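Peer 1: Structure incoming, see below.
The values are calculated or read from the model by the stated rules, or taken from the named source; none is laboratory data. Just so we're clear, the structure is a prediction, and the values are computed from it rather than from any experiment. Reconstructed Cβ throughout: ideal geometry from the backbone, glycine too, with neighbour counts over all protein chains shown.
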Amino acid sequence: MSDASSYNRSRILPDANELVDNILKGDRVALGRAITLIESKRKEHQDIAERVIDACIPHSGNSLRIGITGTPGVGKSTFIEAMGSLLTKDGKKVAVLAIDPSSQISKGSILGDKTRMEQLSRDPLAFIRPSPAGESLGGVARKTRETIILCEAAGYEHVFIETVGVGQSEITVHSMVDLFLLLLIPGAGDELQGIKRGIVEMADIVAVNKSDGERLELAKKSKRAYINALHLFPPKESDWTPKVELCSATDKTGIEEIWTAVGDFQSHVIENGWLQENRKRQAKFWFMETIKDSLFSSFFQNPAIQATFHTMEEQVLESQISPFKAAHDLLKKFLPEG
């Protein structure tokens, strides 16, 4: 009975080699199944996912990774659909991924936002994947980083990573993309519209969306203001001068001009070697982050730590022991001697 059960269980697990073969052929179903394994918490799924990722790494790295961010209501989904459709019409393959740390608070799914990309989602040259709901930012980010590898192995030449939440997610996205595009709207009474200085400083291209109709003149004034603001920032490591462009995603105007700026950026950073150096820095960053995350998780799953952590925590809160000694004592319980 148990043998049959074990046999049936093994039969339903996807075969890593088969998944890799189909991903390399551009099979979207296989790609989706592999990403589901990455998102799974089951150990047997994670083991298969690791084998798939390892096999896909030699076939990755050939896309341009583009981060898209902006305040809620700025029109990110409409903008990505307009730009993605422009690329697929030219025969390019486009993947759209999302980082949504806000989903763990609202318990809502980003999938509702993605259904607004109705045209792009039906395009055979496009692949759209929402981030898993209820995950920590670190968890979503790691899974997104691994998903990029699979999308590139599947032949997607342009990978868009959209920030759906706000705050720390922009910094996280910046650590996994080549180009960072900030989407803004005309005016709003504040040159930087509540956007943190650090996020504006990260931008390689600023696109003023909804620049149409009566808002066009205001958009032109906003463009000049953003250009002036960007001049206040120190030069970028990439030696790229950020561009400010006007567009209307709904009217599909200005999208080609923005894509020309993207192409100029790509040529610039490939020529001066910054693209590859930046990717090496990013790989090192995620290497170290994964070690830290794994150690953190292992620490709190350790039986010796679980048995004494809350007692130690209470002693720290009651000033019976210093936080430093408490941490040191717990680490001695966790780490092997020697």
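Peer 1: Run down G134, G91, G139, G112 and say which single residue is of a type outside the set (A, V, I, L, M), more than 30 Å from P186 (Cα to Cα) and modelled with pLDDT under 70.
Peer 2: Working: G91 fails: modelled with pLDDT under 70; G139 fails: modelled with pLDDT under 70; G112 fails: more than 30 Å from P186 (Cα to Cα).
Exactly one of G134, G91, G139, G112 is of a type outside the set (A, V, I, L, M), more than 30 Å from P186 (Cα to Cα) and modelled with pLDDT under 70, namely G134.
Peer 1: Quick check on my filter: what residues within segment 140-161 are over 18 Å from I68 (Cα atoms) and part of a loop (DSSP other than H, G, I, E, B)?
Peer 2: A154, G155
Peer 1: So, one more: I'd like to check something: does segment 22-32 contain any residue that is modelled with pLDDT of 95 or more and of a type in the set (D, E)?
Peer 2: Yes; the residues of segment 22-32 include at least one that is modelled with pLDDT of 95 or more and of a type in the set (D, E).
Peer 1: Take segment 29-52 and flag every residue that is touching a residue at least 60 places away in the same chain (Cβ under 8 Å) and within 19 Å of the chain's Cα centre (by Cα).
Peer 2: Across segment 29-52, the qualifying residues are L31, G32, A34, I35, I38, E39, A49.
Peer 1: Give I171, I205 a once-over and let me know the one that is among the β-branched types (V, I, T), surrounded by 14 or more Cβ atoms within 10 Å (Cβ to Cβ) and touching a strand residue (DSSP E or B) at 6+ places or on another chain (Cβ under 6 Å). Give the steps one after another, and end with the answer.
Peer 2: Details: I171 fails: touching a strand residue (DSSP E or B) at 6+ places or on another chain (Cβ under 6 Å).
When all the criteria are applied, what remains is I205.
Peer 1: Also, I was wondering about something else. So which of K284, K280, K236, K223 ends up being assigned to a helix (DSSP H, G or I) and either touching a strand residue (DSSP E or B) at 6+ places or on another chain (Cβ under 8 Å) or surrounded by 11 or more Cβ atoms within 10 Å (Cβ to Cβ) (or both)?
Peer 2: Among K284, K280, K236, K223, only K223 is assigned to a helix (DSSP H, G or I) and either touching a strand residue (DSSP E or B) at 6+ places or on another chain (Cβ under 8 Å) or surrounded by 11 or more Cβ atoms within 10 Å (Cβ to Cβ) (or both).
Peer 1: If you don't mind, there's one more thing I want to ask. Among (1) without any contact (Cβ under 8 Å) to a residue 40 or more places away in the chain; (2) closer than 29 Å to F180 by Cβ, there is one condition I321 misses while meeting the rest; what is its number?
Peer 2: Going through the list (1) without any contact (Cβ under 8 Å) to a residue 40 or more places away in the chain; (2) closer than 29 Å to F180 by Cβ, I321 breaks only (2).
Peer 1: Identify, please: which residue in segment 1-17 is farther than 15 Å from D47 by Cβ and assigned to a helix (DSSP H, G or I) and is, among those, modelled with the highest pLDDT? If you could, list the steps in order and put the result at the bottom.
Peer 2: Kept after step one, since they are farther than 15 Å from D47 by Cβ, are these residues of segment 1-17: 1-8, 11.
Within this subset, residues satisfying the condition of being assigned to a helix (DSSP H, G or I) are 2-8, 11.
On the way: S2: 44, D3: 46, A4: 43, S5: 41, S6: 40, Y7: 36, N8: 43, R11: 53.
Result: R11.
Peer 1: Which one of these is modelled with pLDDT under 90 and under 15 Å from I185 (Cβ atoms): A225, A207, A219?
Peer 2: A225
Peer 1: Then there's this: Within segment 193-200, does at least one residue satisfy the condition of being out of contact with any Phe, Trp or Tyr (no Cβ under 9 Å at 6 or more places or on another chain), more than 30 Å from T290 (Cβ to Cβ) and either surrounded by fewer than 20 Cβ atoms within 10 Å (Cβ to Cβ) or at pLDDT 90 or above (or both)? Before the answer, list the steps.
Peer 2: Narrowing segment 193-200 to residues out of contact with any Phe, Trp or Tyr (no Cβ under 9 Å at 6 or more places or on another chain): 193-196, 198.
Next, from what is left, pick out any that are more than 30 Å from T290 (Cβ to Cβ): 193-194.
Right, trim to either surrounded by fewer than 20 Cβ atoms within 10 Å (Cβ to Cβ) or at pLDDT 90 or above (or both) and you get 193-194.
Yes, segment 193-200 contains a residue that is out of contact with any Phe, Trp or Tyr (no Cβ under 9 Å at 6 or more places or on another chain), more than 30 Å from T290 (Cβ to Cβ) and either surrounded by fewer than 20 Cβ atoms within 10 Å (Cβ to Cβ) or at pLDDT 90 or above (or both).
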